[in-house]
Amino acid sequence: MARWTLWRQPSVLSATFWDELMAAGVRKSSSSVPMVRQAFTESSSIVKPFAEIPGLWKNGVANLYNFWKLDGFKNLHRIMVQNFNTFGPIYREKIGYYESVNIINPDDAAILFKAEGYYPKRLKVEAWTSYRDYRNRKYGVLLKDGEEWRSNRVILNKEVISPKMLANFVPLLDEVGQDFVARVHKKIERNGQSKWTTDLSQELFKYALESVSSVLYGERLGLMLDYIDPESQHFIDCITLMFKTTSPMLYIPPALLRRIGAKVWRDHVEAWDGIFNQADRCIQNIYRKLRQESDQTAKYPGVLASLLMLDKLSIEDIKASVTELMAGGVDTTSITLLWTLYELAKHPNLQEELRAEVASARAQCHGDMVEMLKQIPLVKGALKETLRLHPVAVSLQRYTAEDIIIQNYHVPAGTLVQLGLYAMGRDPKVFCRPEQYQPSRWLRTETHYFRSLSFGFGPRQCLGRRIAETEMQIFLIHMLENFKVEKQRHAEVRSTFELILLPDKPILLTLKPLHSSP
């Protein structure tokens, strides 16, 4: 079931499932609405104990049931905003077995990251580790901790996130971008109306998957063609199902779901099996090609081949980390691009400003895409602004490696602390007129201190950041050079949570060519 068919899918946790839990000993609370305490007041200079942090953390099971009744699995981000409004800039919560301290202020984020330690530890997605344990598969760098994580990450940083690798990625991503433009022109030509109105989520998903496959595996999947290979289509469906089934297991132990044979667990296993099978096929093909070809061509062969030739990680370690990058690098960029086009369609004057910037950069750089990427600050600001209003992740997590003090509360070492990205992006104390889409705010001299954290921070920031940023910037360059984007619906689109934040309804956009198709 592909991402674009999920807009109206029911919750994966049915009432029947909750009846099963209740029968196992989980009791309903007397109210479906959580009790709230008094709002946060100005703190004194006395450091207060951890137990005095406001919030709902004394009855995790009751909170989980209330969370479900409030449709929290889809509204996590809005509930988080409501909690900050109720409790103030720090609150503590426990939902099921999941317990955290939540913060919103950039200054507090700085304190958190200074306490992340030599081996930063983020929230481990237990659904993903449970699958790997179940199938006896290796963890990739996303899921590893400690010295093994650090040693793997140092090697992968040089091949994936180092700025020096940009020149290798750009030609591959530029080729996919040009193919996407040609595909849209064909759609418009076939339409016969000099425009194309559609929900672009399917097309953007295929663009992102084609892009990340090209960079990671050095091979194209053919997703810019009219006919999609069944194996590629199955991979798309598996990624979609994997995200869909992960979010409920943030709060309910996967071991419990596995024990009772819940459908959400069975679907999750099926999805990951498909993702790993696709990765195995790609890896075997490339490894076979590397063994057969003695001469090295000038073309960059992709991250996987580069790591195999480097021979500093085991094949299983490479496979695990590249698979995680592949699975995590599709929805994240495609949804961000969809939100960006949505915002640009609402702001035609801004769209023209960006178009002028791109035209100027192309003229100055004579079409050299690597150089062009250095000359488009407003385009980059637009992506940052999209990620402020529509972050992929609701929050950014770290476990504290030492005791810290936040908002005059003692937070002990080993505590999971979450920075609310969605809530911070809408906080008027952090961003002036946060409801307005203003890419220029990122060009001003005002402080951006710990305000742009969509890709994380420090040694544990998103490994695929360089690929994602480059892919999205190149996409916008090509789209701005070729099409005017218009919005079809007047109703505002909101976000819904399914491990990442997605539009809660299809976004219909109209693409009009600026010039005749080639």
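Every read-out reported here was derived from the displayed coordinates using simple, explicitly stated rules and does not represent laboratory data. A quick note: this is a predicted structure, and the numbers were derived from the prediction, not measured. Reconstructed Cβ throughout: ideal geometry from the backbone, glycine too, with neighbour counts over all protein chains shown.
Cβ-Cβ distance of Glu231 and Leu514, R₀ of 45 Å, FRET efficiency by 1/(1 + (r/R0)^6): the value works out to about 0.80. When you filter the GluC sites (Glu not before Pro) in the stretch 458-518 for DSSP loop state and at most 14 other Cβ atoms inside 10 Å of their Cβ, you are left with Glu492.
Summary of the geometry: the stretch 136-214 and the stretch 230-247, compared by the centres of their Cα atoms, lie 16 Å apart.
Using a cut-off of 30 Å between Cα atoms, the listed pairs Lys124/Lys384; Lys94/Lys144; Lys187/Lys505; Lys144/Lys346; Lys384/Lys484; Lys114/Lys244 include Lys144/Lys346; Lys114/Lys244 as exceeding that distance. Set against the 2.2 N^0.38 Å expectation for a compact globular protein, the stretch 153-271 has a Cα radius of gyration ratio of 1.39. Kindly provide the helix-only [θ] at 222 nm of the chain, computed as the sum of -39,500 (n - 2.57) over DSSP H runs of four or more divided by all residues, to the nearest 500 deg cm²/dmol? Using -39500 (n - 2.57) per qualifying helix, the result is -16000 deg cm²/dmol. Highest mean packing first, where packing is the average number of other Cβ atoms within 10 Å per residue, the peptides 388-396, 450-458 line up as 388-396, 450-458. Average projection, convex hull of the Cα set of the stretch 316-372: 5.4 square nanometres.
Just want the ordering: Val176, Val358, from fewest to most Cβ atoms lying within 10 Å of their own Cβ.
Details: Val176 25, Val358 21.
Final ranking by Cβ density, sparse to dense: Val358, Val176.
Once both labels are positioned 7 Å from their Cα atoms along Cα-to-Cβ, the gap between Arg150 and Leu443 label points is 4.2 nm. With the alpha-carbon atoms of the stretch 3-513 aligned to their principal axes, the span from lowest to highest coordinate is 62, 51, 44 Å, starting with the largest. The modelled label-to-label distance between Lys114 and Arg291, using points 7 Å beyond Cα along the C-beta direction, is 5.3 nm. Other residues within the sphere of radius under 11 Å centred on the Cβ of Leu463, judged by their own Cβ, net out at +2 (K and R +1, D and E -1). What the Cβ-Cβ distance of Asp71 and Cys365 gives, at R0 = 41 Å and to the nearest 0.05, is a FRET efficiency of 0.25. Using the Cβ of Lys312 as centre and a radius below 14 Å, the other residues enclosed give a net charge of -2, where K and R count +1 and D and E count -1. With the simple spin-label model, which puts each label point 7 Å out from Cα in the Cβ direction, the Glu481 to Gln202 separation comes to 2.8 nm. Counting charges near Glu116 (Lys, Arg +1; Asp, Glu -1) among other residues having Cβ under 15 Å from its Cβ returns a value of +4.
Each of Trp68, Val125, Ala115 was scored by the projection of its Cα onto the charge dipole of the stretch 67-141, and the greatest displacement toward the positive side belongs to Val125; charges sit on the C-beta of Lys, Arg, Asp and Glu. Candidate membrane-span-like segments in the chain, meaning DSSP H helices with Cα atoms spread over at least 27 Å of their own axis and a Kyte-Doolittle mean of -1.0 or above, are 166-191, 263-292, with no membrane implied.
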